[in-house]
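Taken together, the values in this text are just the output of simple stated rules run on the coordinates, not laboratory data. The model shown is predicted, which means the values in this text are computed figures rather than measured ones. So basically every Cβ, Gly included, is an ideal-geometry build from the backbone, and we count neighbours across all protein chains shown.
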Amino acid sequence: MEYAITFSNIGYTYNTQRWILRNFNGNIVKGDVFAILGPNGMGKTTFLKILLGLLKPTEGTIQEHGRMAFVPQLFQVSFDYSAFDMVLMGRANKVGIFAQPSRSDEEASMAALERFGLADMAHRPFHEMSGGQRQLVIFARALVAEADIIILDEPTSALDLKNQELILRWIHKLSREEGLTIIFTTHHPHHAHAVAKETLLMFGHDDYICGKVDDVLTETNLKRLYGVNLRQIDIDNQGEILKTIVPVYTGFHR
Amino acid sequence: MINSALFIQKKTPLILGILLLSTIIVSLGFGSYPIDYNRITEIILHLLGIGDYAVTLKEIAIIEYIRPPRILVATLSGIALGVSGAALQGMMRNPLVEPNLVGVTGGAAFGGVLAIVIGLAQAGTILLSFIGGLGALLSTFTLAKIMNLRSDGIALIMAGFFVGSFCLAGVGFLEFYDKSGALPNIVYWLLGTFRGADFTKLLLISTTTLIGLTVIILLRWRINLLSLGDVDAMAIGIDTRKLRWIIIIIVTFMVSSQVAVSGIIGWVGLIVPHIARMLVGPDHRLLLPTSALLGGLFVLGLDTITRSVTQGEIPVGVLSAFIGTPIVSFIFWKTKTKGWNE
């Protein structure tokens, strides 16, 4: 089995009194979708930053095999850049420091926008696009960067149900068709169920489990993770059994 | 519709370039001693040794030695301020940033005044202006960091305001204790003027501006990447630290030289990038050349007004503040900072 990322005894702290992460070990298989779940403040974003190389782990080692691209949470830009400008920026590591993007960089960017069905919106200001369209623009940017691993920080957090489905479909498609390794954080266990093969649950700064989605995303583990009741449901969708998991809120209607 | 708008945007620097060249030529005729264009042509032909025209020594002095360096120093100062403001705003993702507000101008002014007071020659004034500008900018960054706030946020403006105010207090101190008799010159120079521009000053400002402008224009697409913010820029493979330092040093180099040759000319680095952004949009590949040309046009226009319309030559720095304040207020009211989403 070929791994995209291997991390061994990863630890991170700003001072040795309080560790944000400690003793994290695991492998992320090349071409898989990998979901990370955990309550707020448990170190998910720190872990992503370590994977991206934006933070150096205080201890432990990390081995990455491939170029990475990042899709941040609630992506905002300070200027009125067009969707095309945003995608073109993905070519940064292919353009020399004093050089300008070439025609082939521009063609690759337009092709990536076409791939996501956004060619008609190429010159529309990025900040005027819907949340789902913005996420797709940033996906297109990751594609033109010719990344092997795409890391997404809560990609569905600010989206409506339709756009959540759109993003999940693209995560699935990019993994299946392009062979990309996709790592994303989420607060929705059913999103991990829908697209991920493996998942990491972060219970505490040095307490976690990592494994196959069906083994890890259980009612017991998720109740321990979030402190709420959840039910795992198998849905018969025209002969195909789909697994999902939903929170159960009780006592509101009495 | 979109394509024609993009076409016009792409041609804007060319149009502004032609406009700037025309203004440079036209402004030769303006001044306290107006000369009409037929006469200017005759004087130039006489100087080139083509044709035999009766010209006075005064006319030769004006067209050969007095106006060209002044016009070019004003143009290059405007170019330096316009492009510096646009680069700093993009790099720091902040529409309020200009060299004046991050302390560079104050630091350069302090260095320049110190050089004058201790009797250094022009090269010393320039060197101390540069050291003062760089020192002030470093202090601003350090102070913003100590305040533990993000470098692209309001902390930088506050720190720049503190450092700039401190430097100007230093300038006041030097003026108060000056025994060299240079006080009137210091005061007039600090208000921002191109009076006394000569070929030495032209050589300095042209060298620094052309070097700085070349580097900034070459980095124009990289400044787009910096404007995404550190995390995102690093995530797409950019070494933001190195790039920021290159830009800071280049901007300091250009602005300090501008202060050394013509004193403090505020508002240009703030207004010009905003107008340029309204004309060509936020892409720094077009925005930086447009800001440079508009800056040149703006400052040359102001200087032409001061030396031909106003009695006793109001300093350009005073005029730029008079004109700049309402323009900035209007832009902010009209656009409601459109294009800036934070």
Notebook entry, point to check: According to a simple spin-label model (label point 7 Å from Cα along Cα-to-Cβ), what is the distance in nm between residue A:220 and residue B:145?
Noted result: 5.1 nm
Next item on the list: Just grab the label-to-label distance for residue A:169 and residue B:183, each label 7 Å out from Cα along the Cβ direction, in nm (one decimal).
Entry: 7.8 nm
Check: Which of A:94/B:10; A:56/B:145; A:49/B:10; B:145/B:334; A:94/B:11 have a Cα-Cα distance over 31 Å?
Finding: A:49/B:10; B:145/B:334
Next item on the list: Measure nothing fancy, just the Cα-based angle from helix A:103-115's long axis to the longest principal axis of chain A, in degrees from 0 to 90, nearest 10.
Entry: 40 degrees
Next item on the list: Let me know the mean shielding of B:225-236 by other chains, meaning the per-residue number of their Cβ atoms within 10 Å of its Cβ.
Entry: 6
Notebook entry, point to check: Mind checking the mean number of beta-carbon atoms from other chains within 10 Å of the Cβ atoms in A:49-61?
Noted result: 1
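Report relative contact order for the range A:1-122 in percent, whole number only (criteria: Cα-Cα under 8 Å, sequence separation at least 6).
Details: 127 pairs, mean separation 27.5, N = 122.
Reported relative contact order: 23 percent.
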Item checked: Derived scalar couplings ³J(HN,Hα) [the range B:263-276; Karplus, 6.51 cos²θ - 1.76 cosθ + 1.60; whole Hz; x for Gly, Pro] -> x, 8, 10, x, 6, 4, x, 9, 6, 4, x, 5, 5, 4
Check: So who's got an amide H within less than 5 Å of the one on residue A:33, skipping anything under 5 residues away but keeping other chains? H placed 1.01 Å off N, in plane.
Finding: A:182, A:197, A:198
Note to self: If I fit a long axis through the Cα atoms of helix A:131-144 and take the longest principal axis of the Cα atoms of chain A, what angle between them do I get, 0 to 90°, rounded to 10?
What the structure shows: 70 degrees
Next item on the list: Just tell me which aspartates and glutamates come within less than 19 Å, Cα to Cα, of residue A:212; anything on the same chain fewer than 8 places away is out.
Entry: A:2, A:32, A:198, A:234
Margin query: Around residue A:145, under 13 Å between beta carbons, what's the net of Lys plus Arg minus Asp minus Glu among the other residues?
Written below: -1
Check: Where the centre of each part is set by its Cα atoms, how far does the range A:165-216 sit from the range B:94-164, in angstrom?
Finding: 49 Å
Notebook entry, point to check: Roughly how many nanometres apart are two label points built 7 Å out from the Cα toward the Cβ at residue B:4 and residue B:195?
Noted result: 5.0 nm
Margin query: Using a Förster radius of 60 Å, what is the FRET efficiency between residue A:233 and residue A:56 based on their Cβ-Cβ separation? Nearest 0.05, please.
Written below: 0.90
Item checked: Taking the range B:34-335 and dividing mean pair separation by its residue count, relative contact order in percent (alpha carbons under 8 Å, at least six apart) -> 29 percent
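Place the peptides A:22-31, B:80-89, B:265-274 in order of packing, highest mean first, counting for every residue the other Cβ atoms within 10 Å and averaging per peptide. Spell out each step's value before the answer.
Numbers: A:22-31: 17.7, B:80-89: 31.1, B:265-274: 27.6.
Going by the mean number of other Cβ atoms within 10 Å, highest first, we get B:80-89, B:265-274, A:22-31.
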Item checked: Shielding by other protein chains, A:115-123, mean Cβ within 10 Å -> 1
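Please check chain A for the longest run free of GluC sites (Glu not before Pro) that are loop-located per DSSP (anything but H, G, I, E, B) and have at most 14 other Cβ atoms within 10 Å. Numbers along the way, then the final one.
Details: sites that count: A:2, A:146.
Between the exposed loop sites, the longest stretch runs A:3-145.
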Note to self: Using only the alpha-carbon atoms, how far is helix B:240-262 inclined from the longest principal axis of chain B? Give it as 0 to 90 degrees, nearest 10.
What the structure shows: 30 degrees
Check: Of A:97, A:122, A:247, whose Cα points farthest to the positive end of the dipole of chain A (charges on the beta-carbon: +1 Lys, Arg; -1 Asp, Glu; origin at the Cα centre)?
Finding: A:247
Checklist line | CD proxy at 222 nm, helix term only [per DSSP H run n ≥ 4: -39500 (n - 2.57); per residue of chain B; nearest 500] | finding: -24500 deg cm²/dmol
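Note down the net charge around residue A:169, summing +1 for each Lys or Arg and -1 for each Asp or Glu among other residues with Cβ under 15 Å from its Cβ. If you can, show how the numbers build up before the last one.
Details: positive: A:115, A:162, A:173, A:176; negative: A:160, A:165, A:177, A:178.
Once all neighbours under 15 Å are counted, the net charge is 0.
When only Cα pairs under 8 Å and 6 or more residues apart are kept, what is the percent relative contact order across chain A?
On the way: 477 pairs, mean separation 59.3, N = 254.
Rounded, it is 23 percent for chain A.
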Checklist line | Loop chymotrypsin sites (Phe, Trp or Tyr not before Pro), the range A:34-134, which have at most 13 other Cβ atoms in a 10 Å radius of their Cβ (DSSP) | finding: A:98
Next item on the list: Rank B:69, B:31, B:99 by how far each Cα sits towards the positive end of the charge dipole of the range B:25-133 (+1 on Lys, Arg Cβ; -1 on Asp, Glu Cβ) and give me just the farthest.
Entry: B:99
Check: If you plug each phi of the range A:39-54 into the Karplus form 6.51 cos²θ - 1.76 cosθ + 1.60 with θ = phi - 60°, what whole-Hz ³J(HN,Hα) values come out, in order, with x for Gly and Pro?
Finding: x, 4, x, 8, x, 4, 5, 4, 4, 4, 5, 5, 4, 6, x, 6
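To the nearest 20 debye, what is the magnitude of the charge dipole of the range B:34-335 about its Cα centre, counting +1 on the Cβ of each Lys and Arg and -1 on the Cβ of each Asp and Glu? Each step should come with its number before you reach the end.
On the way: 19 positive and 16 negative charges, 126 e Å.
Here the range B:34-335 has a charge dipole of around 600 debye.
At 0.36 nm per residue, and after removing the present C-alpha to C-alpha distance, how many nm does the segment from residue A:14 to residue A:161 gain when stretched out fully? Spell out each step's value before the answer.
Values: separation 147, 0.36 × 147 = 52.92 nm, distance 3.74 nm.
My answer for the length gained is 49.2 nm.
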